[in-house]
Amino acid sequence: MLYKWLQPSCDEFKQAYLGGRLPGSVIIAASRQLGGENLALECAKLYLCHDPTPGGACGGCSSCRSFAAASHPDFIAVLSSTSDELDRGEDLTNNPTAVLENDVNDSRHTVRVDSLRQLSHWLNESAVGGERKCAIISNAHQMLPSAANSILKTFEEPPENTLIIMVSDSLSALLPTILSRAFKITVPEVKKETGLEFLKNSISGTLDLNRGELGLKLAANAPLGAKEYLEDGTVESCTEVIEALGVAVKTGYEHDAVKALLRLDSFKQALILNEFIDEVLKFKAGVSQAELPLLRISDPLLFAKLPATHLFKAHDDMIYIKNKAPFLPSRAPAALLTAWIKALVKG
Ligand SMILES: [Zn+2]
C-alpha cells in the first residue's frame, strides 16, 4: 500500500514511465522515515506489471501476483549489510518486505561492492518471467565511493528493458556521476495535517495532538519517523528532558536535566537538544507557540531569556558530542552537558 503523501511522487514516475520518458535509472530522494522504500517498491511493481493502467499496477497479472508473494524472479533488491550478512547471502533479496525492514544505522552496515557486482551480473542475465527486470538499491546514501564506482557504468546504461531504482536520504549524498543520467524524484516535506491524520489512523489508541506534533517535529515531519518516536518512547523522553530543563532554569540546579538527557543515546540527545535550541531561537524571533511543540511542554517565557550566544554555543557542543561520540571518554558528554546547561541557566 502506498502512503498518501507519496502519491504525487508516484504519479511523477508513472507519467514518465507510461509516457516513454523514463531512462534506465531512477533515484528517489527520501528518507526511510518519509517512506522512500515504500515508493520504490510501488514504482518497481508498476514497471514490472504486464498490464499497467493510468491508475497504477493492475494487481492481477502474474507479475503483480508474484511480486506480492515475494517470489518475483525479475525483481531484486540490494540491501545494506554487514560482512556477516553478506556471507550469508542476505544482501540480496526479492522479498519487498525485507526492503522495508532494512533499517540500519550503524557503521557496520553499508551497500557493499560485492553486492553490487552480483547485481550487475544479475541484470545482464535475461528476464525469466516477462520482458522487464527491476532492481532496487536501498540505503544508497550508505554506499562508499568504491561501491558507487563499481555500479557506475551499469547505473548509467542499464541493459535494455531494465530499471534500477536507488533510494537515498538525499541527492547530495550521491556522487555527481551517479546523479547525472538518472530520473530524479524528490519526495517533498509532508504537511503537518497529513502527518497527524496518518498518526491518528496508524497508532494504537487515541492520538494526543501535542504528542503527535512533538513526534512529527522530532522526525522533521516524516510520518513514519513520528510513528516510531511515539511508539519507542522518544516522545516521552523528550517531554521529560524539556520539563527537567524548565526546572533547571527556574532552580539553577541542572542535575536532573543532565540525568534525563544521559538516559538517551547520543543521537537522541542531539536530536532533542537541537530541536529545543531551534525552537527557543524561533520563539525569540516571534514564531507563535502553536508552531513550537517542544517549548509548549514547559513555559516558553522561561527559555526566552536565554541569550542566543549561549544557545549557539550549546548547539556547537551538541554537534561536537555527536561527531566524537564513540571516541569521547564516557564522562565527557555529561561534563559538556553540565557545563552548557549551567551556562544556559546563568544566562
Ligand atoms: Zn499487473
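The values are calculated or read from the model by the stated rules, or taken from the named source; none is laboratory data. Since this is a predicted model, take the numbers as computed values, not measurements. Note: ideal-geometry Cβ built from the backbone for every residue, glycine included; neighbour counts use all protein chains shown.
Among the candidates LEU123, LEU100, which residue alone is at pLDDT below 95 and crowded, with 18+ Cβ neighbours inside 10 Å?
Sole residue among the options that is at pLDDT below 95 and crowded, with 18+ Cβ neighbours inside 10 Å: LEU123.
Please tell me if ALA70 is outside any helix (DSSP H, G or I), touching a residue at least 24 places away in the same chain (Cβ under 8 Å), touching a helix residue (DSSP H, G or I) at 6+ places or on another chain (Cβ under 7 Å) and within 16 Å of the ligand (Cβ to nearest atom).
It is true that ALA70 is outside any helix (DSSP H, G or I), touching a residue at least 24 places away in the same chain (Cβ under 8 Å), touching a helix residue (DSSP H, G or I) at 6+ places or on another chain (Cβ under 7 Å) and within 16 Å of the ligand (Cβ to nearest atom).
Kindly indicate whether any position in region 280-292 is more than 27 Å from LEU196 (Cβ to Cβ), assigned to a helix (DSSP H, G or I) and at pLDDT 70 or above.
No, every residue in region 280-292 fails to be more than 27 Å from LEU196 (Cβ to Cβ), assigned to a helix (DSSP H, G or I) and at pLDDT 70 or above.
Could you list all residues from region 162-177 that are touching a Lys or Arg at 6+ places or on another chain (Cβ under 9 Å) and within 19 Å of ARG117 (Cα to Cα)?
Correct list: THR162, LEU163, VAL167.
Being in contact with a strand residue (DSSP E or B) (Cβ under 8 Å, 6 or more places away or on another chain) and over 24 Å from CYS10 (Cβ atoms) is the requirement here; does LEU179 meet it?
Taking the combined requirement at face value, the residue does not satisfy it.
Could you say whether any residue in region 84-93 is closer than 17 Å to LEU2 by Cβ and either assigned by TED's automatic domain parsing to the domain that holds HIS109 or within 11 Å of the ligand (Cβ to nearest atom) (or both)?
Looking for residues that are closer than 17 Å to LEU2 by Cβ and either assigned by TED's automatic domain parsing to the domain that holds HIS109 or within 11 Å of the ligand (Cβ to nearest atom) (or both), one finds none in region 84-93, hence no.
Residue by residue, here is whether (1) within 23 Å of ALA182 (Cβ to Cβ); (2) within 15 Å of the ligand (Cβ to nearest atom); (3) small (Gly, Ala, Ser); (4) surrounded by fewer than 23 Cβ atoms within 10 Å (Cβ to Cβ) holds:
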{"residue": "SER25", "(1), (2), (3), (4)": "yes, no, yes, no"}
{"residue": "SER31", "(1), (2), (3), (4)": "yes, no, yes, yes"}
{"residue": "GLY36", "(1), (2), (3), (4)": "yes, no, yes, no"}
{"residue": "GLU42", "(1), (2), (3), (4)": "yes, yes, no, no"}
{"residue": "ASP51", "(1), (2), (3), (4)": "no, yes, no, yes"}
{"residue": "GLY55", "(1), (2), (3), (4)": "no, yes, yes, yes"}
{"residue": "CYS61", "(1), (2), (3), (4)": "no, yes, no, yes"}
{"residue": "ARG65", "(1), (2), (3), (4)": "no, yes, no, yes"}
{"residue": "ILE76", "(1), (2), (3), (4)": "yes, no, no, yes"}
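For region 10-47, how many residues meet the condition of being among the hydroxyl-bearing types (Ser, Thr, Tyr) and over 22 Å from GLU157 (Cα atoms)?
Total meeting the criteria: 1.
Return the pair list, or none, for Cβ contacts closer than 8 Å from residues in region 96-120 that are more than 21 Å from LYS133 (Cα to Cα) and assigned by TED's automatic domain parsing to the domain that holds GLU156 to residues that are of a type in the set (Val, Ile, Thr) and assigned to a loop (DSSP other than H, G, I, E, B), at least 6 apart or on different chains.
Pairs found: ARG108/THR82; HIS109/THR82.
Please work out which residue is surrounded by the fewest Cβ atoms within 10 Å (Cβ to Cβ), limiting yourself to region 198-215 and to residues that are touching a residue at least 60 places away in the same chain (Cβ under 8 Å) and more than 14 Å from GLY35 (Cα to Cα).
For region 198-215, the residue satisfying everything is ASN210.
Could you list, in sequence order, the residues of region 1-20 that are in a loop (DSSP other than H, G, I, E, B) and either within 16 Å of the ligand (Cβ to nearest atom) or touching a residue at least 12 places away in the same chain (Cβ under 8 Å) (or both)?
Those that are in a loop (DSSP other than H, G, I, E, B) and either within 16 Å of the ligand (Cβ to nearest atom) or touching a residue at least 12 places away in the same chain (Cβ under 8 Å) (or both): MET1, LEU2, TYR3.
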